[in-house]
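Colleague: Can you keep this structure in mind? I'll have questions shortly.
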Amino acid sequence: MTNRIQSLLGVTYPVVQAPMTYIARASLAAAVSEAGGLGVIETLTEEGRADLLKVRDLTDRSVGANLMIQGWKKDPSIVDVLVEAAVRHVFTSAGDPGLFTARLHDAGMTVVHVVGSLSGARKAVDAGVDALVVEGVEGGGFKSALGASTMVLLPLIAEQIDLPLIAAGGICDARSTAAAVVLGAEGVQMGTRMLASREAAVHANFKDAIVAADDAGTILLDLPGNPTMRVLHVGLARRVATEGATAPLISGVTELYFEGDMEASVANTGQVSSRIVEVLPVADIIRSTWVEAQSALRGAAARL
């Protein structure tokens, strides 16, 4: 069977870097693409949009862009920005995929939509997207408090949706990638694993907290006045989990990300942090993830 994600995205390894706001910038995206995966640049910030052009100085390989629909639904000019930057692959998220898919297709772009439910997957199919990122509730960042885990959601969608699928949430290495393939995926997306890479521009305090996390190291915060988020159970997050939030938790995030102040905000991080034990170069992460997945599958077959 031909791997449809490799063909669709034109990559050596069907490993995609998650489009983390503020973090998914040119240097990280270029490193991922140079390693044979697909780097993705966020477009919510002015700096991210500028990096869509700057990344061309760092790699001649394909780099994708994220389009967070809620942030751009009243301003379709983002499509012109993507066209100017010669973006070929767009990952849409957080909103109705029907708002942008046709425009992006008309501009010659591939559209991959991120879903966290079967109903969301069906809506994306109706909108005509080319592939799906299926993200379980164990992934970091904004989530539904009622969301299913990747182990439940991925096979559920694979059984009912005939599109190439990229698994997200709980993926960090060859073993988890092999499991995702068995469950129906043809590629994987990584966020937390890429945070704990040498090329990620976040502060060492954030990376160290990921490496130090155990299997109770994240918490799903669902507090009034704030979006539901999976974050590291440290610093501010640990305090507000017991005391409650008195202010928007998403403020101060750049101080946490880039200055290392773990009390300034909450750190969007997936449960897979408990399986990350060291900070590695992006190239090592990507190559070992896909190449060693075959060994993991052979080992599983032997045990079976």
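Colleague: Select from the stretch 277-304 the residues that are charged (D, E, K, R) and within 20 Å of the chain's Cα centre (by Cα) and write down the one among them that is nearest to THR177 (Cα to Cα).
Modeller: The initial filter retains those residues of the stretch 277-304 that are charged (D, E, K, R), namely 278, 284, 287, 292, 298, 303.
Checking which are within 20 Å of the chain's Cα centre (by Cα) leaves us with 278, 284, 287.
Numbers: GLU278: 18, ASP284: 15, ARG287: 12 Å.
Within the stretch 277-304, the match that is nearest to THR177 (Cα to Cα) is ARG287.
Colleague: For the structure I just gave you, tell me whether THR242 is crowded, with 24+ Cβ neighbours inside 10 Å and of a type in the set (Val, Ile, Thr).
Modeller: On the way: crowded, with 24+ Cβ neighbours inside 10 Å: no; of a type in the set (Val, Ile, Thr): yes.
Criteria not met by THR242.
Colleague: Test THR269 against the stated conditions and say whether it is among the β-branched types (Val, Ile, Thr), touching a His at 6+ places or on another chain (Cβ under 8 Å), closer than 27 Å to SER27 by Cβ and crowded, with 17+ Cβ neighbours inside 10 Å. It would help to see each step written out before you state the result.
Modeller: Details: among the β-branched types (Val, Ile, Thr): yes; touching a His at 6+ places or on another chain (Cβ under 8 Å): no; closer than 27 Å to SER27 by Cβ: yes; crowded, with 17+ Cβ neighbours inside 10 Å: yes.
It is false that THR269 is among the β-branched types (Val, Ile, Thr), touching a His at 6+ places or on another chain (Cβ under 8 Å), closer than 27 Å to SER27 by Cβ and crowded, with 17+ Cβ neighbours inside 10 Å.
Colleague: When the stretch 51-84 is examined, which residues are found to be of a type in the set (A, V, I, L, M, F, W, C), farther than 13 Å from LEU28 by Cα and surrounded by 16 or more Cβ atoms within 10 Å (Cβ to Cβ)? Before the answer, list the steps.
Modeller: Within the stretch 51-84, the subset of a type in the set (A, V, I, L, M, F, W, C) is 52-53, 55, 58, 63, 65, 67-69, 72, 78-79, 81-83.
Filter once more, so that each one left must be farther than 13 Å from LEU28 by Cα: 53, 67-69, 72, 78-79, 81-83.
Matches in the stretch 51-84: LEU67, MET68, ILE69, TRP72, ILE78, VAL79, VAL81, LEU82.
Colleague: Taking the stretch 1-21 as the search range and keeping residues that are in contact with a Gly (Cβ under 9 Å, 6 or more places away or on another chain) and farther than 19 Å from THR92 by Cβ, which one is surrounded by the most Cβ atoms within 10 Å (Cβ to Cβ)?
Modeller: VAL15
Colleague: Would a scan of the stretch 131-150 turn up a residue that is within 19 Å of the chain's Cα centre (by Cα), more than 27 Å from LYS54 (Cα to Cα) and open to solvent by 60 Å² or more (accessible area, probe 1.4 Å)?
Modeller: Checking the stretch 131-150: at least one residue is within 19 Å of the chain's Cα centre (by Cα), more than 27 Å from LYS54 (Cα to Cα) and open to solvent by 60 Å² or more (accessible area, probe 1.4 Å).
Colleague: If you don't mind, another one. Give the residues of the stretch 1-40 that are without any contact (Cβ under 8 Å) to a residue 24 or more places away in the chain and of a type in the set (Val, Ile, Thr), sorted by residue number. Walk me through it before giving the result.
Modeller: Going through the stretch 1-40, the residues without any contact (Cβ under 8 Å) to a residue 24 or more places away in the chain turn out to be 1-2, 7.
The answer is THR2, and nothing else.
Colleague: Moving to a separate point now. Of the residues ASP215, ASP208, which is of a type in the set (D, E, K, R), in a loop (DSSP other than H, G, I, E, B) and either touching a residue at least 60 places away in the same chain (Cβ under 8 Å) or more than 28 Å from SER7 (Cα to Cα) (or both)?
Modeller: Details: ASP208 fails: in a loop (DSSP other than H, G, I, E, B).
Answer to the check: ASP215.
Colleague: Say whether the condition of being open to solvent by less than 70 Å² (accessible area, probe 1.4 Å), under 17 Å from ALA18 (Cβ atoms) and in contact with a strand residue (DSSP E or B) (Cβ under 7 Å, 6 or more places away or on another chain) is met by at least one residue in the stretch 247-257.
Modeller: Looking through the stretch 247-257, none of the residues is open to solvent by less than 70 Å² (accessible area, probe 1.4 Å), under 17 Å from ALA18 (Cβ atoms) and in contact with a strand residue (DSSP E or B) (Cβ under 7 Å, 6 or more places away or on another chain).
Colleague: Another question about this same structure. Report those helices (runs of 4 or more DSSP H) wholly inside the stretch 1-82 carrying at least 1 residues which are among the aliphatic types (A, V, I, L, M) and more than 26 Å from ASP96 (Cβ to Cβ). Explain how you work it out, then say what you get.
Modeller: Values: elements: 4-9, 26-34, 46-54, 69-72.
Passing ranges, in order: 26-34, 46-54.
Table: residues versus (1) free of Cβ contacts under 8 Å to residues at least 12 places away in the same chain; (2) assigned to a helix (DSSP H, G or I).
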position	(1), (2)
ALA237	no, yes
ALA241	no, yes
THR254	no, yes
GLU263	no, no
VAL277	no, no
ASP284	yes, yes
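Colleague: Considering only residues that are open to solvent by less than 10 Å² (accessible area, probe 1.4 Å) and either farther than 15 Å from GLY36 by Cα or charged (D, E, K, R) (or both), which ones fall in the stretch 178-193?
Modeller: ALA178, ALA180, ALA185
The values are calculated or read from the model by the stated rules, or taken from the named source; none is laboratory data. Predicted model, so just to flag it, every value in this text is computed and none were measured. Because the Cβ atoms are built from the backbone with ideal geometry, glycine has one as well, and the counts that use them run over all protein chains shown. Heads up: the accessible areas ignore ligands, DNA and RNA and are worked out on the full protein's heavy atoms, side chains in. Shrake-Rupley method; radii C 1.70, N 1.55, O 1.52, S 1.80 Å.
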